[in-house]
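The values are calculated or read from the model by the stated rules, or taken from the named source; none is laboratory data. For clarity, every value in this text was computed on a predicted model and none was experimentally measured. Ideal geometry is used to build each Cβ from the backbone, glycine not excepted, and the neighbour counts take in all protein chains shown. Just the protein is used for accessible areas: all its heavy atoms, side chains included, with ligands, DNA and RNA removed. Shrake-Rupley method; radii C 1.70, N 1.55, O 1.52, S 1.80 Å.
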Amino acid sequence: MTEQIYTCPTCGGLLEVAHDMEALKTKSGPAWTKLFDERYRRNQWPYGSGVWGKREWVMPSVQDDEIVSMYEGGTNLFWAERYGKSLGLDDLWVKLCGNSHSGSFKDLGMTVLVSVVKKAIKEGQKIKAIACASTGDTSAALAAYGASAGLPVVVLLPRGKISTAQLVQPIAHGSMVLGLDTDFDGCMEIVKQLAEQGIVYLANSMNPLRLEGQKTVGIEIVQQFGWQVPDWIILPSGNLGNASALYAGFKMMRELGVIDRFPRLVVAQAENANPMYRAYKAGAAEVEPIKALPTQASAIQIGNPVSAPRAMKALRAMNGIVEQASEQELSDAAARADASGLYTCPHTAVALAVLEKLRAADTIRSGEKVVCISTANGLKFTDFKVKYHEGSIPGVESHHKNPAVMLPADVNQVIDAINRRF
Ligand SMILES: *Cc1c(COP(=O)(O)O)cnc(C)c1O
């Protein structure tokens, strides 16, 4: 587990974490759910974490004092009542994973990876630094967990392609921040070489340890519904590690007697970065890399997704579909959702825009229980929202813009303005 190896020496494919399922099966499904419910969001270290509360299913060999946790998980499953009703859905839920320490669902996997690195160092391994290529959220999570454990971190970011908030997170945590003149895929190529040469420990989702933490999001959603399975889960996707992690969580729940069916998976991609959508439409078995174009959904601007083979498997197993959203569609979906009380990052907006399209086509039916996974906190994407409400996103018409009204400090003019509006 602590060995620094990321691909199979024989076939070159990605590795997976294997659990001792026979040992886990000695406990019944109801006994597991009872244990997980007793621990959920309580304060006994480390069980209050949504990840470590399920440690036997995640990373059983890590000891309490090796765990680097910030009580990730346990995020609100928001009943999107008004927004859902506007689409003819009474049972729409948004899993607010961005309400987490570093503001995205990447915390779920990073707690596992950094804990294992801490264990490896304790066991005597020499690790100069942990490193990742990132579109902004992986680097923020790695920087925070690394700083918390006192471990050196290097992040490789595509210069000018992430939000200011995301850029400043690793800077503030004391990581070494490298802004490279390339895109995410270019950063990924370089960090892979650093890992191959043994210079850094690789924290990208090629490393299967991260997926073990990420898979808890599906388990937690089912738990929050009293261990009931929703009909659909919509996930904004880029590198496709999370699509495969979601499936891993559901597969484990089914094998261990917690659930008896899978939800249908919707992989939601930005039209400007849609290699999996293209493969799905073409009926191809494999995803062909493309050059991703700029998108407001910058965290999923990925043309060569590392976990594509694993995600194709997840899609088949979960009777899944892939749908895409244009810049116009995602921008308006974010505004509609925000006006109903959500505060949506552009990736979540891709999932919501895809939901709107699947509802319009009646692929998703009105009585069905639907969960959209909100992957990051909208507060990281202030520029996107400011520009939308200014009407200044290139190529996008802001159909729901709500600019501030600027007035002199004059009570009569204020009263007039309010009366004009309502
Ligand atoms: C990482 C990330 C995704 C996509 O996850 P993948 O596993 O790369 O498909 C979606 N949204 C946000 C905000 C992310 O940070």
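Structure notes:
- Residues in the stretch 263-272 that are within 16 Å of the ligand (Cβ to nearest atom) and open to solvent by less than 30 Å² (accessible area, probe 1.4 Å): LEU265, VAL266, VAL267, ALA268, GLN269, ALA270.
- Residue that is surrounded by the fewest Cβ atoms within 10 Å (Cβ to Cβ), among those in the stretch 85-107 that are over 27 Å from ILE162 (Cβ atoms) and in contact (Cβ under 8 Å) with a residue 60 or more places away in the chain: ASP90
- Pair list, Cβ < 9 Å and 6+ apart or interchain, from the stretch 2-17 residues that are farther than 20 Å from ILE199 by Cα to residues that are open to solvent by 50 Å² or more (accessible area, probe 1.4 Å) and hydrophobic (A, V, I, L, M, F, W, C): LEU15/ILE5; VAL17/MET1
- Where a residue in the stretch 67-84 is surrounded by fewer than 18 Cβ atoms within 10 Å (Cβ to Cβ) and its partner, wherever it lies, is of a type in the set (Phe, Trp, Tyr) and in a helix (DSSP H, G or I), with Cβ under 9 Å and at least six apart: MET70/TYR145
- Some residue of the stretch 295-303 being over 30 Å from TYR388 (Cα atoms) and either open to solvent by less than 10 Å² (accessible area, probe 1.4 Å) or away from the ligand (no atom under 16 Å from the Cβ) (or both): no
- If the condition is being more than 13 Å from the ligand (Cβ to nearest atom) and under 14 Å from LEU240 (Cβ atoms), then the stretch 279-294 contributes ALA279, TYR280, GLU286, GLU288, PRO289, ILE290.
- You will find that of GLY160, GLY109, the residue that is farther than 19 Å from ILE199 by Cβ and in contact with a Lys or Arg (Cβ under 7 Å, 6 or more places away or on another chain) is GLY109 and no other.
- Of the residues making up the stretch 363-379, those that are away from the ligand (no atom under 16 Å from the Cβ) and part of a loop (DSSP other than H, G, I, E, B) are THR363, ILE364, ARG365, SER366, GLY367, GLU368, LYS369.
- GLN63 meets all of the listed conditions (1) within 22 Å of the chain's Cα centre (by Cα); (2) surrounded by fewer than 24 Cβ atoms within 10 Å (Cβ to Cβ) but one, namely (1).
- Across the stretch 189-207, the qualifying residues are those that are within 16 Å of the ligand (Cβ to nearest atom) and not in a helix (DSSP H, G or I), and the one among them that is surrounded by the fewest Cβ atoms within 10 Å (Cβ to Cβ) is LEU202.
- When the stretch 1-38 is filtered for residues that are open to solvent by less than 50 Å² (accessible area, probe 1.4 Å), under 30 Å from ALA131 (Cβ atoms) and among the β-branched types (Val, Ile, Thr), the ones remaining, listed by number, are THR2, VAL17.
Yes/no per residue for (1) within 15 Å of the ligand (Cβ to nearest atom); (2) aliphatic (A, V, I, L, M); (3) under 20 Å from the mean Cα position of the chain (by Cα):
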{"site": "ALA314", "(1), (2), (3)": "yes, yes, yes"}
{"site": "SER326", "(1), (2), (3)": "no, no, yes"}
{"site": "ALA333", "(1), (2), (3)": "yes, yes, yes"}
{"site": "SER340", "(1), (2), (3)": "no, no, no"}
{"site": "CYS345", "(1), (2), (3)": "yes, no, yes"}
{"site": "ALA361", "(1), (2), (3)": "no, yes, no"}
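- Looking across the stretch 108-134 at every residue that is without any contact (Cβ under 8 Å) to a residue 40 or more places away in the chain and not small (Gly, Ala, Ser), the one that is surrounded by the fewest Cβ atoms within 10 Å (Cβ to Cβ) is identified as LYS126.
- Leading residue by the ranking (farthest from the ligand (Cβ to nearest atom)) among those in the stretch 208-262 that are among the basic types (Lys, Arg) and open to solvent by 30 Å² or more (accessible area, probe 1.4 Å): ARG261
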